[in-house]
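The values are calculated or read from the model by the stated rules, or taken from the named source; none is laboratory data. Keep in mind it's a predicted model, so treat the numbers as computed, not measured. Remember, those area values only see protein heavy atoms, side chains included, never the ligands or the DNA or RNA. Shrake-Rupley method; radii C 1.70, N 1.55, O 1.52, S 1.80 Å.
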Amino acid sequence: MRIVNRAHLPWFIFVIAATFFAVWLYAGNFSPQSLPSALRLPDALVQKPAEFRNVGGTPLGLIFGTIALAIFIFAALLGVRKKIVLWRIGTVQRWLRAHIWMTLLTVPLVILHSGFRLGGPMTTLIVVLYIIVMVSGIYGLILQHYMPAIMMERLPAESVYEQVPHIRAQIVAAATKMRDSLKPAPPTKPDAGAPAPSPAKVVTAGSMPMASTAADLSTPTARAKSVVGSTITAETIAAPEKKPEEEKVPPPRPPELMPPETMGTPTARVPEGAPVPAGTEKITGVAPPAVEPKSIAPPTPIAASAVAPGEKPPAAAIPQPIAKPAATASPAKPVAATDTDSEAALLDFLNRQIIPYLSARRGDRMRLGKPRFSEDTFRFVKLRVTEGYRDRVEEMQGWCDERRMLDLQIKLHHWLHAWLFVHAPVSFLLLMLVFWHAFVTLFNY
């Protein structure tokens, strides 16, 4: 709550005026000589002289103490007012402003009630607790004055504090969904609940023939059996059709024992005693004519460079290709990342760093909780994936940035409200001791 506000000006004037009035009453009763004659109290406001061991037991001291106790009770009712939202006795903001300024007014009242003395052990304990309550309250007031500006500067998008666990769970669920989408699809397995194939459509290979098939029994089942197994095939075997009776053909006559041979064929034989036809008698006494050998020309000499057909030319005669100069070794080019490599890199990055960081209870203790390390890491991951997967990297970076902002909001929220863990219980203890102190005072004085 900001103190520098026009709504606090009336309360500030009231506290200053009440403080001066209380000091004037105290000085006019217990040290009237310190006041100028123009500021002395009227006789109606001056208490009768009496013997008291301390200022707190005097009527004026009791008045100061009673007002301080009433302010303590009113300050304790602020917590009740916050719980009862529909309570129409002033707004919460007005109660808070009254709580701040009225408790500040108790400082001069308590000091004047004690007469600038600590007293016995009980009053000393009450004063120590009162100092703790006031210091913690002023510290919380300073935090509430400056912390909202810091949160607006460092938290661009502030969330409702009670919704922070739900938002973190949504971020983890989104990261888990992306990880599952990057996992390779498992191989398809046959459905266990699918009906088994019909036995009529299966032919068992390699099985022994049935006895009915081996025995050539003429039964419908035996004919339907496969020669390679005993399973009935899917095709229906029709009954054998009756063939029409073939016309009877007379048997062929046996061939003659000695068929006549045709003359003039190579296989023809001449019967004994028959005249030999002309041109078939054996020629005797005729010599073949002599053939004179032709002269063979000398071989033509072959040049040394010539090569006989069918032979390989010498190594010197074969033209060698011109050797090209060896090219300088070029540096190896980096292999471009593929979609499979990108998915594997993102999957590993999600499992190793992203999901553990998003699921951690204290993300500020992990490396991705540091802005500089997170920025360098995501820049490196973008270089490892293809262009199509960089949108996913930016989405992951957005999750980490949001988680870091949520952690910062929780930290600032703890700083903003941690002082209440000291202020509230000590205030309750102080109120109980003040009641005990008032009870004892009424019986003793």
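What part of the accessible area of segment 91-169, given as a whole %, is carbon or sulfur when the probe is 1.4 angstrom?
Values: 3280 of 4600 Å².
On segment 91-169, the fraction of accessible area on carbon and sulfur atoms equals 71 percent.
Mind checking the per residue accessible area of segment 373-445 for me, 1.4 Å probe, whole number of Å²? Please report the intermediate quantities before stating the final value.
Working: 4450 Å² over 73 residues.
Roughly 61 Å² per residue, with all protein chains present.
In what order, largest first, do 161, 139 sit by accessible area if the probe radius is 1.4 Å? Mind showing how you got there, number by number?
On the way: 161 75, 139 100 Å².
Listed by decreasing accessible area, they come as 139, 161.
Given a 1.4 Å probe, how much area per residue of segment 44-121 is accessible, in Å²? Before the final figure, lay out each step's value.
Numbers: 4840 Å² over 78 residues.
Ligands and nucleic acids excluded, the figure is 62 Å² per residue.
With every protein chain left in place, what is the accessible area of residue 419 in Å² (1.4 Å probe, nearest 10)?
That residue has around 30 Å² of solvent-accessible surface.
Past 30 Å, Cα to Cα: identify those pairs from 177/370; 82/370; 83/177, in the order given.
82/370; 83/177
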